[in-house]
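The values are calculated or read from the model by the stated rules, or taken from the named source; none is laboratory data. Everything numeric in this text was worked out from a predicted model, so none of it was measured. All Cβ positions, glycine included, derive from the backbone under ideal geometry; neighbour counts span all protein chains shown. SASA here: full protein model, heavy atoms, side chains in, ligands and nucleic acids out. Shrake-Rupley method; radii C 1.70, N 1.55, O 1.52, S 1.80 Å.
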Amino acid sequence: MSLTDALFAAFSIPFMGRALLVMLVLAVVAGVVGVLVNLRGLEFISDGLTHAVFPGLAIGLVMGGTAGLVPGATIAALAGALALTWLDRAGITADAAIAIVLTATFSIGVIVVSMSDDYAGALEALLFGRVLTIPPDEVLPLVLVSLIALAATGLTLKQQLFRAFDAPGSRAAGNSALALDLVLNAAIALVVVAAASTIGTLLVLALLIVPGAVARLVTRRLWWLFPVAALFAAVGSWLGLATGFAISVGAGVDLPAGATIVGVFVLGYAVVLLGRFLLGRGGLDTRAPSSGATRPAEGFETLAPLAPQPAEGAGEGR
Amino acid sequence: MTDSPVLRLVDAAFTHPGGAGVEGLRLDIAPGEAVALIGPNGAGKSTLLKGILGLVPRTAGTIEIGGVPGDAQAHARHGIVSFLPQSADLDPDFPISLEQVVMQGRYRGLGLFRWPGRVDRAAVRHALETVGLDSLAARPFGELSGGQRQRGLLARALASEPRLLLLDEPFNGLDQPNRDALVDTLRSLKRDGVAVLVSTHDLELARLVCDSVVLVNRTQVSCGPVDEVFTLGNIQECFEGVEVEIDEHTVVVPGHEGR
């Protein structure tokens, strides 16, 4: 099989085309929402939502077959978003307590799934996804769920960024912290729903977190974070699907598609991390600050608090 | 001072759900007037400011902002009042530039659906010029010095074109150039008719910028023109138990000076 076959021709096969369409929409949305997850430090809540969604998927599957997956997961995810928003606001920071609640929901999901006829097959689909076997009539619900998440994030994006940067300042300016948190957690929940149906609940977190983390490494310019994360996620999904197809068909090794996509994501993150390490900060962040002053390359600046820098002569008058 | 007050408190009290609060507040601030809010640590200065913002519940009395009674007038309040928080605890690694921070001051006027336009960018530029940071507009916020960050946050408050500006300990930790810049900015705001309420430990700065003083220590101790309120008796009553020296020009409150 040639490279062009894997990268382009493969997607003219209907199931590969559907997989690519759903993954591209999902990747763009997950990239945008993932930047906010990164800036707000909501990784734990995102992880919680992937657990909370599982019983919803399971109940939906048992009650309505595969057509019940998206509705069941959506209900469970929105309930989970409400619950986690409330836990967060109530100041319940006991990670153990939250973890206990979440593993409990996961076990409920497993028990529900065990009642289905095809226990092993159903469980595997829920945990590891089934991006290559999405039926045509499920494409629209998945795309819709993703686009609703994108719209909710986009409409509140200015205020979400304000809150992420300065929570008390945002409240003082009249923004409701509760409303913003509910909208963002619901958007994360909807991304989890769409992603759980494609790459599986166990791997959802990669889609939400890796693109945002890559964007933070590549740029320090606020509005570049979103296109960078979305582009990374889209290219990663495409290459992941193509790689899985090439190896499965060409080499006869049956690679699970969801895991291959995540593998490509993580590999991409490693490459960016290495590139940043080799080039130093100035190499990737192309536009210099307005003063034009040269700054030293600093390697992994995001990993350590920035020391206050001298004023470099401009504006300070010291 | 014939204008109707921008802020009027009548026997107001603000109380945190936990019980701590400040009470007995009677205060008028006219357009172009600056009032210093003075009291020891834990006297309820921040509580008073947050009460005016609606972030701490009012438990007694009345409040009027811009001539509108404070009850259920969140929208009116948010169109009028801006707040400069105390030594804002902001992540220096957050990827945002100074002008993007200042633009946040314009968001409440934009609502959910509109994005900043030409008028907003002009307002941001003007606010940055006012605080003397226009040459650093594109600089990442986290790379500014502490004093520059404070002035940047002041520019954000100015960009929302407030009629009442609340400042919580804005002089804390500022070096002389930044302190002077802040004093100049506050004076020019007063000339533009902005009402200012500023909490501070720095009694000398209260004299430099403010027309009136409110002394609080859990309750309002005294309120009036600077020279009438700054008496040894009043200050000692307010800073109970703290040794206070006062003469014609300076007041020294040990443990509070120069912070």
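A few notes on this one:
- Qualifying residue in the range A:148-160 (condition: away from every other protein chain (no Cβ under 14 Å), in contact with a Gly (Cβ under 7 Å, 6 or more places away or on another chain) and buried (at least 24 other Cβ atoms within 10 Å of the Cβ)): no
- Positions within the range B:58-79 being within 14 Å of chain A (Cβ to nearest Cβ) and at pLDDT 85 or above, in sequence order: B:ILE65
- Residue match in the range A:241-253 (condition: more than 14 Å from chain B (Cβ to nearest Cβ) and in contact with a Gly (Cβ under 7 Å, 6 or more places away or on another chain)): no
- Unique match (being hydrophobic (A, V, I, L, M, F, W, C), open to solvent by 70 Å² or more (accessible area, probe 1.4 Å) and either at pLDDT 85 or above or over 30 Å from B:LEU182 (Cα atoms) (or both)) among A:VAL235, A:VAL228, A:VAL249: A:VAL249
- Answer from A:SER116, A:SER146 - the residue that is in contact with a helix residue (DSSP H, G or I) (Cβ under 6 Å, 6 or more places away or on another chain) and over 24 Å from A:ALA259 (Cα atoms): A:SER116
- Hits in the range A:108-143 - residues which are at pLDDT below 85, surrounded by fewer than 16 Cβ atoms within 10 Å (Cβ to Cβ) and either at positive phi or of a type in the set (A, V, I, L, M) (or both): A:MET115, A:ALA120
- Selected residue (only one of B:ALA30, B:ALA43 is in contact with an Asp or Glu (Cβ under 8 Å, 6 or more places away or on another chain) and among the small types (Gly, Ala, Ser)): B:ALA30
- Selection from the range A:164-179 of residues that are buried (at least 20 other Cβ atoms within 10 Å of the Cβ) and either at positive phi or within 22 Å of the chain's Cα centre (by Cα) (or both): A:ALA164, A:PHE165
- Tally, over the range B:124-135, of residues that are in contact with a helix residue (DSSP H, G or I) (Cβ under 8 Å, 6 or more places away or on another chain) and either within 11 Å of chain A (Cβ to nearest Cβ) or surrounded by 19 or more Cβ atoms within 10 Å (Cβ to Cβ) (or both): 8
- Some residue of the range B:187-197 being without any contact (Cβ under 8 Å) to a residue 24 or more places away in the chain and surrounded by fewer than 23 Cβ atoms within 10 Å (Cβ to Cβ): yes
- Counting only strands (runs of 3 or more DSSP E) wholly contained in the range B:1-50, the ones carrying 3 or more residues that are more than 27 Å from B:SER188 (Cα to Cα) occupy B:7-15, B:21-29.
- Count of residues meeting criterion [away from chain A (no Cβ under 13 Å) and of a type in the set (D, E, K, R)] in the range B:168-194: 5
- Residue count for the range B:141-156, restricted to those that are surrounded by 22 or more Cβ atoms within 10 Å (Cβ to Cβ), among the polar types (S, T, N, Q) and within 11 Å of another protein chain (Cβ to nearest Cβ): 1
- The criterion of at least 3 residues that are open to solvent by less than 20 Å² (accessible area, probe 1.4 Å) and at pLDDT below 90 is met by the following helices (runs of 4 or more DSSP H) wholly inside the range A:6-104: A:43-64, A:69-89.
- Odd one out for B:ARG121 among (1) open to solvent by less than 30 Å² (accessible area, probe 1.4 Å); (2) within 26 Å of B:ALA181 (Cα to Cα); (3) more than 9 Å from chain A (Cβ to nearest Cβ): (1)
- When the range B:47-57 is filtered for residues that are more than 11 Å from chain A (Cβ to nearest Cβ) and closer than 18 Å to B:SER82 by Cβ, the ones remaining, listed by number, are B:LEU48, B:GLY51, B:VAL56.
- When residues of the range B:157-167 are limited to those that are touching a strand residue (DSSP E or B) at 6+ places or on another chain (Cβ under 8 Å) and open to solvent by 10 Å² or more (accessible area, probe 1.4 Å), the one nearest to the other protein chains (Cβ to nearest Cβ): B:SER160
- Any hit, the range A:20-35, residues being within 14 Å of chain B (Cβ to nearest Cβ) and touching a Gly at 6+ places or on another chain (Cβ under 9 Å): yes
- B:ALA138 more than 12 Å from chain A (Cβ to nearest Cβ) and touching a Lys or Arg at 6+ places or on another chain (Cβ under 9 Å): no
- Just one of the listed residues (B:SER188, B:SER222, B:SER199) is at pLDDT 80 or above and touching a Lys or Arg at 6+ places or on another chain (Cβ under 6 Å), and it is B:SER199.
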